1. Quick check: anything in the stretch 26-46 touching a Leu at 6+ places or on another chain (Cβ under 7 Å) and among the β-branched types (Val, Ile, Thr)?
2. Scan Leu88, Leu11 and give me the residue that is modelled with pLDDT of 95 or more and either farther than 30 Å from Asp202 by Cβ or not basic (Lys, Arg) (or both).
3. Would you mind listing the helices (runs of 4 or more DSSP H) fully within the stretch 26-132 where at least 3 residues are in contact (Cβ under 8 Å) with a residue 40 or more places away in the chain?
4. Does the stretch 171-192 hold any residues that are touching a residue at least 24 places away in the same chain (Cβ under 8 Å), surrounded by 14 or more Cβ atoms within 10 Å (Cβ to Cβ) and either outside any strand (DSSP E or B) or of a type in the set (A, V, I, L, M) (or both), and which are they?
5. Counting only residues that are over 18 Å from Lys122 (Cβ atoms) and aromatic (Phe, Trp, Tyr), which one in the stretch 21-80 is most open to solvent (accessible area, probe 1.4 Å)?
6. Select, from Glu203, Glu148, the only residue that is within 30 Å of Arg25 (Cβ to Cβ), open to solvent by 50 Å² or more (accessible area, probe 1.4 Å) and without any contact (Cβ under 8 Å) to a residue 60 or more places away in the chain.
7. Read through the list (1) open to solvent by less than 70 Å² (accessible area, probe 1.4 Å); (2) over 13 Å from Phe65 (Cβ atoms); (3) under 18 Å from the mean Cα position of the chain (by Cα), then give the number of the only condition that Glu111 fails.
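The values are calculated or read from the model by the stated rules, or taken from the named source; none is laboratory data. Computed from a predicted structure; not experimentally measured. As a convention, Cβ positions derive from the backbone with ideal geometry for all residues, glycine included, and neighbour counts pool all protein chains shown. Protein only, heavy atoms only, side chains kept; ligands, DNA and RNA dropped before computing areas. Shrake-Rupley method; radii C 1.70, N 1.55, O 1.52, S 1.80 Å.
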Amino acid sequence: MILLLNERDSLYDAYQLDLAVTNAREEIKTDLEQNLLNKKYSAYSEVLEDINQMKINAAETRLTFYCPLTASIDDGEEYGSAAKYIILDNRDKIEDMLGIEQLPDLGDMAEYVGNHSGIGKKLLYAVWGLEEIYGEIYGKINCYMTGELNAEETENLRSAVEGQNSDGFGESFEQRAIQTDEGNLYVSFWNSGNGYFLCTEDELDDCIDKSQGLQLGGCKI
């Protein structure tokens with residue numbers, strides 16, 4: 001692993017690499033060790049990327065949840081709600097911050113969510129991201145599992161992900177200032193409005209329709 005580091009890398013980078021390899025899931029550890037021994041990687045960042053891809057490849061199934069995003073903007077003079085186009089225009093910057101927020105030293109989200117949902121190590125990988133749907137950016141949480149979930153496990157997983165959106169991961173992320181041309185942007189995967197939802201892909205269109213109906217009815221989300 002030392003050979004993957006160069007003079008531009010920091011002690012923090014070395015720490016991230018060691019943490020990621022040391023804590024790799026058993027499902028991928030043998031292949032990861034072989035890749036390292038066979039010098040497959042040329043930089044430590046390639047190791048981090050490959051670990052995540054290996055977890056995806058090892059999963060037998062995936063369950064994706066979607067949620068609306070809310071955001072605030074601080075331009076130095078005022079702090080208030082950010083228009084949806086600001087989220088759309090700054091998608092790349094938000095995704096970059098999501099990547100930083102999910103580095104190995106901040107913990108394995110699959111471990112947190114797996115424990116809280118009761119499905120444990122059945123959850124291999126959980127990653128927070130974004131997706132554009134009908135011209136608007138939504139939160140997207142991909143959960144990769146070693147097997148199918150029953151109805152009760154699915155609802156427990158949904159509850160655990162929503163808990164992370166409102167409290168753990170989401171609470172930490174929404175405090176990260178994302179620098180934009182309009183000012184510092186703060187993005188949340190949760191809000192307390194009646195129009196908030198956390199839906200699977202099959203439920204998504206209905207959830208969006210109901211949410212938009214609530215907005216038109218005067219409920220803020």
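1. At the first step, the residues of the stretch 26-46 found to be touching a Leu at 6+ places or on another chain (Cβ under 7 Å) are 27, 41, 43-44.
This time we only want the ones that are among the β-branched types (Val, Ile, Thr), so: none.
No, every residue in the stretch 26-46 fails to be touching a Leu at 6+ places or on another chain (Cβ under 7 Å) and among the β-branched types (Val, Ile, Thr).
2. On the way: Leu11 fails: modelled with pLDDT of 95 or more.
Result: Leu88 is the single residue among Leu88, Leu11 that is modelled with pLDDT of 95 or more and either farther than 30 Å from Asp202 by Cβ or not basic (Lys, Arg) (or both).
3. On the way: elements: 26-37, 44-58, 84-89, 91-101, 109-117.
Per the criteria, 44-58, 84-89, 91-101, 109-117.
4. Pass one, the stretch 171-192, residues touching a residue at least 24 places away in the same chain (Cβ under 8 Å): 172-173, 176-180, 182-191.
Filter once more, keeping what is surrounded by 14 or more Cβ atoms within 10 Å (Cβ to Cβ): 173, 176, 178, 180, 182-191.
Across the stretch 171-192, the qualifying residues are Phe173, Arg176, Ile178, Glu182, Leu185, Val187, Phe189, Trp190, Asn191.
5. So, considering only residues that are over 18 Å from Lys122 (Cβ atoms) and aromatic (Phe, Trp, Tyr), the one most open to solvent (accessible area, probe 1.4 Å) is Tyr79.
6. Details: Glu148 fails: without any contact (Cβ under 8 Å) to a residue 60 or more places away in the chain.
From the options Glu203, Glu148, the qualifying one is Glu203.
7. The one condition Glu111 does not meet is (1).
Each row is one residue, and each column tells you yes or no for (1) more than 19 Å from Ile100 (Cα to Cα); (2) over 25 Å from the mean Cα position of the chain (by Cα).
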{"position": "Tyr12", "(1), (2)": "no, no"}
{"position": "Tyr15", "(1), (2)": "no, no"}
{"position": "Thr22", "(1), (2)": "yes, no"}
{"position": "Thr30", "(1), (2)": "yes, yes"}
{"position": "Gln34", "(1), (2)": "yes, yes"}
{"position": "Val47", "(1), (2)": "no, no"}
{"position": "Asn57", "(1), (2)": "yes, no"}
{"position": "Arg62", "(1), (2)": "yes, no"}
